[in-house]
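Have a look at the structure below before the remarks.
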Amino acid sequence: MSTIVAICPYCRSGGVRAKGTALGASAKCPKCKSSFTIVPDDDLPDWVAKASADAVVISAPSAEKPKLKLPAVEETRAMDALDVTEPSPVLPAEPRPQSRPAAQPAPVFTPDAGEPAAPTDAGFLLALGALTLVGPTVLASQLPFGRLIALALAAIGFIGGLLCLGAEGRARIGGALAALLHAGVAVVVLLLPSWLNLDPWDAPPVEEPQGPVVIEHGTGIRTMTTPGAVLDAGRSSWQLKDVRVTVRSVVGPVELRGPDNAKRTTKESYLQISVHIANVGFEREVSLSGWAAGLTTDGVRVTDGSGKQLDPAKFEGTFTPDRGRPAPRAMPGNVSEVRFLFPAPPKKTDSVQVQLSGVAFGYPEDIKFRISALGLQVRPPGSQDLPR
């Protein structure tokens, strides 16, 4: 097998000796360290004449650069069999296949993750509060002293809306709307109260009856009465201005309460009288004292049909009856309920008269009620409670 000398096409001063089968293989110049492909070439330098006579000198053409490519399997086997006497051709190392990086999981988007919370818009909250206050302002006009309450709330909402006008965006729009609505409510309350079903500011005062009236339970019809008149407790109530007095009664066993909320029902029947003192007005409270506040039984007189006075029932020991819900004063719409117990009248009694002192709530005369025979019927133990 012939031997060849491959000349470096770059420096033309170095070469390598190889077997004839190395054509097409890559070699490395021992002088300039450049890599080139072994191919035949007729343009050889002078020093090639000094090469061995039996060697065939070849070189890559100087006009073209060697191609850098991966050798085929046959070329690789041929290069392994080279018998190099000069520095051996350097074959390019076969590049290792680069491993594809492992697929990374797709990032999961979570709303608001890592994002700072949006700052609170104080101006918008103030505007929203002022807008929300419009509804309560209108509703407040229907309450006792509602005009003054509505005007105060409208002033608060109007000022809150004005403070938002210096803001931007929705806060400014909401503030302007709130100020406009509250100003409108104030105008209606002051100048057009009839739109809210309110009486005019300059309306003449409603003339109240100078004396007490009788109010029928079923119809609510009011009728003037004279001091000292006896009212039917089952059909009507007594009223003077804001104070309304109602008497209810029942005859039957009484439930007593003891320590640890223990209960016990009496075997005897009692006449149970419940007196309600209600404040039906809208502006002032009613001060109560004496029997009306549950402090004493003085001022309460009960007589049977023959005129015999019944003494209040007494209970000894730790068990006591229910005394109602007395109060020292009655605010508008509130009731003070006081209960009194008397021995049951004889079965043949057709009526009982209850006389109450009006001094307990500021009336100088006594108020009289008659409890008919229907209210004196003995009730079974399960129905002895008085109606509220």
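The values are calculated or read from the model by the stated rules, or taken from the named source; none is laboratory data. Predicted model only: the values in this text are computed from it and were never measured. Glycine also receives a Cβ, built like all others from the backbone with ideal geometry; neighbour counts cover every protein chain displayed. Surface accessibility is based on the protein's heavy atoms, side chains included, excluding ligands, DNA and RNA. Shrake-Rupley method; radii C 1.70, N 1.55, O 1.52, S 1.80 Å.
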With bins 5 Å wide starting at 0, give me the P(r) of the stretch 117-159 over every alpha carbon pair, in whole percents.
5, 24, 24, 16, 11, 8, 6, 3, 2, 0
Rounded, prolate or oblate for the stretch 149-288? Axes are the square roots of the Cα gyration tensor eigenvalues, ordered a ≥ b ≥ c, and the cut-off for rounded is a/c under 1.5.
oblate
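Using the Cα centre of the stretch 257-312 as the reference point, and only Cβ charges (+1 on K/R, -1 on D/E), how large is the resulting charge dipole? Debye, rounded to the nearest 20.
Working: 7 positive and 7 negative charges, 52 e Å.
Taking the Cα centre of the stretch 257-312 as origin, the dipole is about 240 debye.
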Using a 1.4 Å probe on the protein chains only, how many percent of the accessible area of the stretch 197-345 belongs to carbon and sulfur?
49
Please give the solvent-accessible surface of residue 282 in Å², to the nearest 10, using a probe radius of 1.4 Å with every protein chain present.
140
Which sequence of 232, 311 reflects their accessible areas, 1.4 Å probe, from the largest down?
311, 232
P(r) of the stretch 254-320 over all Cα-Cα pairs, binned every 5 Å from zero, in whole percent
3, 11, 17, 17, 19, 15, 10, 6, 2, 0
Leaving out ligands, DNA and RNA but keeping every protein chain, what accessible area does residue 363 have, in Å² rounded to the nearest 10, with a 1.4 Å probe?
20
Quick one: how many Å² of residue 244 are accessible to a 1.4 Å probe, rounded to 10?
70
Over the stretch 140-254, relative contact order from alpha-carbon pairs under 8 Å, at least 6 apart, %
15
With an 8 Å Cα cut-off and a minimum separation of 6 or more residues, compute the relative contact order for the stretch 258-388 in percent.
30
Regression test value, accessible area per residue of the stretch 135-199, probe 1.4 Å, units Å², expected 58
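Which whole-number value in Å² is the accessible area per residue of the stretch 283-357, probe 1.4 Å? Intermediate values should be presented prior to the final figure.
Numbers: 4350 Å² over 75 residues.
Computed with neighbouring chains in place, this is 58 Å² per residue.
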What whole-number distance in Å separates the alpha-carbon centres of the stretch 11-37 and the stretch 217-240?
136
Given the Cα atoms of the stretch 337-380, and with Rh set as the inverse mean 1/r over their pairs in the Kirkwood sense, what is Rg to Rh to two decimals?
1.05
To the nearest 20 debye, the stretch 284-388 has a Cα-centred charge dipole, built from +1 on Lys and Arg Cβ and -1 on Asp and Glu Cβ, of 200
Per-residue HN-Hα couplings for the stretch 134-141 [Karplus 6.51, -1.76, 1.60; θ = phi - 60°; Hz; x = Gly/Pro]:
5, x, x, 5, 5, 5, 5, 5
Cα-based Rg then Dmax for the stretch 206-354, in Å, read 16.9, 53
